[in-house]
1. Consider the range 147-172. How many of its residues are part of a loop (DSSP other than H, G, I, E, B) and of a type in the set (Gly, Ala, Ser)?
2. So which of Lys239, Lys212, Lys191, Lys222 ends up being of a type outside the set (Val, Ile, Thr), surrounded by fewer than 15 Cβ atoms within 10 Å (Cβ to Cβ) and under 17 Å from Leu147 (Cβ atoms)?
3. Determine which single condition Lys97 fails, assuming it passes every other condition in (1) within 16 Å of the chain's Cα centre (by Cα); (2) closer than 16 Å to Val132 by Cα.
4. Can you tell me which residue among Met51, Met19, Met1 is closer than 26 Å to Glu126 by Cβ and not in a loop (DSSP other than H, G, I, E, B)?
5. Do the conditions hold for Thr9, that is, is it surrounded by 22 or more Cβ atoms within 10 Å (Cβ to Cβ), without any contact (Cβ under 8 Å) to a residue 60 or more places away in the chain and hydroxyl-bearing (Ser, Thr, Tyr)?
6. Quick one: Val175 ticks every box in (1) within 17 Å of the chain's Cα centre (by Cα); (2) assigned to a strand (DSSP E or B); (3) farther than 16 Å from Glu253 by Cβ; (4) in the same structural domain as Lys219 (by TED's automatic domain parsing) except a single one, so which number is it?
7. If I filter the range 135-146 for residues that are at pLDDT 95 or above, outside any loop (DSSP other than H, G, I, E, B) and under 13 Å from the mean Cα position of the chain (by Cα), do I get at least one hit?
8. Identify the single condition in (1) surrounded by 13 or more Cβ atoms within 10 Å (Cβ to Cβ); (2) within 23 Å of the chain's Cα centre (by Cα); (3) of a type outside the set (Phe, Trp, Tyr) that Asp28 does not satisfy, given that it satisfies every other one.
Amino acid sequence: MFKNILVATDDSQIIKNAMEYTANCFPDADYHIISVINTSTPSIPITDIIMEDLQEASKRAIRDGIKILKKMGVDDCIKVIREGTPSKEIVKYSEAKNIDLIVMGTQSKSGTQIYEIGETCLHVLEHSTIPVLLFDYIVDIKKPKKLLHPTSGTEYSLKAGRLAIKLAEYFDGDVVILSTRGGSETMLNFKKLHDFSEEHNIPYHLRSCAVKPHEEIVKESKKHDLIIASLGRPGLKYKLRKLHPPFAIGTLEREIIVETRNPILIVED
């Protein structure tokens, strides 16, 4: 499945849990652990003493990550410490090293105790073409058997749909495809997914959202282990995402990322 995995660590419990989960799912992959010292917009000048503390924190995060991966049976991994803007360094490294999966957390906690998608996570989603496995909560360490693929059914989303079917085959599970819109183009693309699922001998389960897509997706996600979602969607904004990266993530995608407690795999077209 995934062979070259990059884990972006901040030494939080969520990321430590994410490492265990990912290594349990993909034990044969080559792992890279990256810790980025944020020197982009410091609130105070970074003195030598502060830099030494930040470097030691990064080294500790890497050491902790290595211990977790070894516990999960991963004997060796590549250790990476960078300085700069975290999201840019993550994207740059993943492209240079042919990474095929990025693992990271989503949370940014505001002063009002409301969780939102963090700036680093947003930038990676906006600029990376590599699938990103996101964690917002501590999850059970198990191989996902019940997969959910919410989709608009556009041509942009076919890559995510095919990946969901491949993952269902890999985990010996099944996948529910949850449609958020109709139309002849959508049905044609669902026919392509149906044919693809038959090729891989995976049962094809297609359902439609009745009223409010985001509420139905979040509700349905509670019955599943893993969500595979595409950023691809209809409309002019998505077509212009290369010119204006914030257009890459729509409102529905943001709501799903923030509200679901499941690991969620985000795939660009």
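1. Matching residues across the range 147-172 total 2.
2. It is Lys222.
3. (1)
4. Working: Met51 fails: closer than 26 Å to Glu126 by Cβ; Met1 fails: not in a loop (DSSP other than H, G, I, E, B).
Every option except Met19 fails the conditions.
5. yes
6. The failed condition is (1).
7. Checked against the condition, which is being at pLDDT 95 or above, outside any loop (DSSP other than H, G, I, E, B) and under 13 Å from the mean Cα position of the chain (by Cα), the range 135-146 yields at least one hit.
8. Of everything listed in (1) surrounded by 13 or more Cβ atoms within 10 Å (Cβ to Cβ); (2) within 23 Å of the chain's Cα centre (by Cα); (3) of a type outside the set (Phe, Trp, Tyr), Asp28 misses just condition (1).
The values are calculated or read from the model by the stated rules, or taken from the named source; none is laboratory data. Here the structure is a predicted model, which is why all the values come from computation and not from measurement. Neighbour counts run over all protein chains shown; Cβ positions are idealised from the backbone, glycine included.
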